[in-house]
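K.L.:
Encoded as C-alpha cells, here's the structure I'll be asking about.
Just so you know, all these numbers are worked out from the coordinates, no wet-lab data involved. Since the structure is predicted, the reported quantities are computational estimates derived from the model, not experimental observations. Glycine gets a Cβ as well: all are built from the backbone with ideal geometry, and neighbour counts include every protein chain shown.
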Amino acid sequence: TTCPTIEAITDTNFTIVVTEPSPFGLHDLKMVIEMLNDLEQPFAVVINRAEADSDYLIENYCQEEGIKVMLKIPFSRQIAELYSEGIPFVQKLAGWEEKLQQLYQEIREEALK
C-alpha cells in the first residue's frame, strides 16, 4: 500500500490482488483492499499456495466482504520446483493453460464494466 503500489494501479481499470492463505496474507489483503476501496478501484482476489485446510481465512473474509475469488493456485511442490527452474507451471501442468485463459477473460470482462 505504498506509493509504488498506488502508482502501479493508477491508470488501470481493474486490479487482481494475489494473496496466500495465512494470517499474514489476510492482514496484507485487508490493507490492500482498504486502499483499493479508498481509490474506488474495482478488484478481485487470486489465492496462491492454496490449501484446503487453510483457505477459510481468505475465502471467509472475501465472502463476508462480497469480494470475488477468481482463482486458487494450489500449494504444490511441483509448481515450486518449476518456478525455481524458471519454468512457468502453466507449460507443464495439464489444465492450467485453460484456467489462466479463463482468468484472463474474466479480468477483461471486469475491466470493461
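K.L.:
Would you tally the residues in the stretch 61-113 being aliphatic (A, V, I, L, M) and in contact with an Asp or Glu (Cβ under 9 Å, 6 or more places away or on another chain)?
P.N.:
Here the count works out to 5.
K.L.:
Which of the helices (runs of 4 or more DSSP H) contained wholly in the stretch 1-105 include at least 2 residues that are surrounded by 14 or more Cβ atoms within 10 Å (Cβ to Cβ) and touching a residue at least 12 places away in the same chain (Cβ under 8 Å)?
P.N.:
It comes to 3-9, 23-38, 56-65.
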